[in-house]
Structures are given as structure tokens and as C-alpha cells.
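K.L.:
Pasting a structure here, questions to come.
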Amino acid sequence: MTEKQYQETIFSKIIRKEIPANIVYQDELVTAFRDISPQAAVHILIIPNKFIPTVNHVTEEDEKTLGRLFTVAAKIAKEEGIAEDGYRLIMNCNAHGGQEVFHIHMHLVGGEPLGKMLSK
Ligand code: 5GP
């Protein structure tokens, strides 16, 4: 079976500021911006600047970048005023995970009670 080919997504264009997005944080490793279709009062996507299509493509080389996703999530949660009440960090992978954009991203959602983790 040939491996599926992945191409850069709209998220690469957001990183390069070729298309508009509400960017709340950017550094040399990661970019964070508000989700276009928020699922909660606060819904921000934190993504590596490097193109990594799915979590299945993560390597040891990416550990520093992936760690940065968490430190930036904590910083943004504080800035958004949701750190104490709490929030949820989600990464979806492939079909069963419900991944729609194939450039890995951490969803930071909160600002209201989120209920149970899974609907079933
Ligand atoms: P996934 O289902 O892949 O985990 O999540 C993809 C997320 O990206 C969705 O929450 C969707 O609303 C968001 N999204 C898709 N296209 C855009 C876009 O062009 N701009 C922004 N800001 N968010 C997007």
C-alpha cells in the first residue's frame, strides 16, 4: 500500500500571514490563532510552524516544538483568564479522531463548563 501524500494546508498560509487569521501568539516554533468556528467561549488553535500532517508523523526531533505547544497553551489560558476555572486541550488524529485539517493542531477550549470528555 502506498503511503498517503500530504500537502501543506491553509494553516501554513496563516503562519506565513498570507491569509488573515486572528493570531494571538507567534514565535519561531509555534503559532496560535482563534478558531474560525469556535466550539466554546474560548477556542484557540496552537500549531507548530513546521508542517506535520498528523500525530502519526511526529518524531523525536519535534519534541521541543511539541513541548512549546503546552507552554504556549498555559500562557494563553492565563491571558484569556481561564486558567483557574480550567480548560481542555485536544488533538485529533485521522478519521476516527475527527481530524479535518492535516497540519497538527492543539485545540485550547474553555471559558465555560465543557461537560464530559466524550459524548458516548
Ligand atoms: P480538526 O477537526 O482538524 O481537529 O480541527 C480543525 C479546526 O480548524 C476546526 O475547529 C476548524 O473550525 C478550524 N479551521 C478550519 N479552517 C480554518 C481557517 O481557515 N481559519 C481558522 N482560524 N480556523 C480554521
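The values are calculated or read from the model by the stated rules, or taken from the named source; none is laboratory data. The shown structure was predicted, so the numbers you read here are calculated from the model rather than taken from an experiment. Every residue, glycine as well, gets a Cβ built from its backbone with ideal geometry; the counts of neighbours run over all protein chains shown. Accessible surface is based on the protein model in full, side chains and every heavy atom, while ligands, DNA and RNA are left aside. Shrake-Rupley method; radii C 1.70, N 1.55, O 1.52, S 1.80 Å.
K.L.:
Using the Cα centre as the reference, give the magnitude of the dipole from point charges on the C-beta atoms of the chain (Lys, Arg: +1; Asp, Glu: -1; all else neutral), rounded to the nearest 20 debye.
P.N.:
200
K.L.:
Which of the listed residues, Val101, Asn49, Phe33, is farthest toward the dipole's positive end in the chain, when Lys, Arg count +1 and Asp, Glu count -1 at the beta-carbon?
P.N.:
The listed residue farthest towards the positive side: Val101.
K.L.:
Compute the angle between helix 63-80 and the longest alpha-carbon principal axis of the chain, please, reported from 0 to 90 degrees and rounded to the nearest 10.
P.N.:
Tilt relative to the chain: about 30 degrees.
K.L.:
Something else: How large is the helix-only mean residue ellipticity at 222 nm for the chain, computed as the sum of -39500 (n - 2.57) over DSSP H runs with n ≥ 4, divided by its residue count, in deg cm²/dmol to the nearest 500?
P.N.:
Only helices count here, giving -6500 deg cm²/dmol.
K.L.:
Compute the relative contact order of the chain as a whole-number percentage, counting only Cα pairs closer than 8 Å that sit 6 or more residues apart in sequence.
P.N.:
The value is 29 percent.
K.L.:
For the stretch 10-110, report the convex hull volume of the alpha-carbon atoms normalised per residue, in Å³, without decimals.
P.N.:
Per residue, the Cα convex hull of the stretch 10-110 comes to 98 Å³.
K.L.:
Something else now. Kindly write out, for the stretch 105-120 in residue order, the coupling ³J(HN,Hα) from the Karplus curve 6.51 cos²θ - 1.76 cosθ + 1.60 (θ = phi - 60°), rounded to whole Hz, with x marking Gly and Pro.
P.N.:
Each residue's phi maps through the Karplus curve to give 8, 9, 7, 10, 10, x, x, 6, x, 9, x, 5, 5, 10, 6, 9 Hz.
K.L.:
Same structure, new question: Show the residues, 5+ positions off or on another chain, whose built amide H is closer than 5 Å to the amide H of Val30.
P.N.:
Here Asn49 satisfy the definition.
K.L.:
FRET efficiency for Gln5 and Glu100, Cβ-Cβ distance as r, R0 = 22 Å, nearest 0.05?
P.N.:
0.80
K.L.:
Would you mind working out the accessible area per residue for the stretch 10-110, using a 1.4 Å probe, and quoting it in Å²?
P.N.:
Accessible surface, normalised per residue, equals 55 Å².
K.L.:
Would you mind finding the longest exposed-site-free stretch of the chain, with exposed GluC sites (Glu not before Pro) meaning DSSP loop and at most 15 other Cβ atoms within 10 Å?
P.N.:
29-83
K.L.:
Let me ask you something else. Going through the cross-link list Lys50/Lys116; Lys50/Lys75; Lys13/Lys120; Lys75/Lys116; Lys4/Lys78; Lys78/Lys116, which pairs have a Cα-Cα distance over 29 Å in this structure?
P.N.:
Where the Cα-Cα span goes over 29 Å, the pairs concerned are Lys50/Lys116; Lys13/Lys120; Lys4/Lys78.
K.L.:
Within the stretch 59-116, report the trypsin sites (Lys or Arg not before Pro) that DSSP leaves as loop and that have at most 13 other Cβ atoms within 10 Å.
P.N.:
Taking the stretch 59-116 and a limit of 13 other Cβ atoms within 10 Å, the loop trypsin sites (Lys or Arg not before Pro) found are Lys116.
K.L.:
A further question on this structure: Could you please state how large a percent of the accessible area of the chain is carbon and sulfur, counting protein chains only and using a 1.4 Å probe?
P.N.:
Carbon with sulfur: 52 percent of the solvent-accessible area.
K.L.:
Can I ask one more? Compute the length gained on full extension between Ile23 and Thr71: take 0.36 nm times their separation in residues and subtract their Cα-Cα distance, giving the result in nm to one decimal.
P.N.:
15.6 nm
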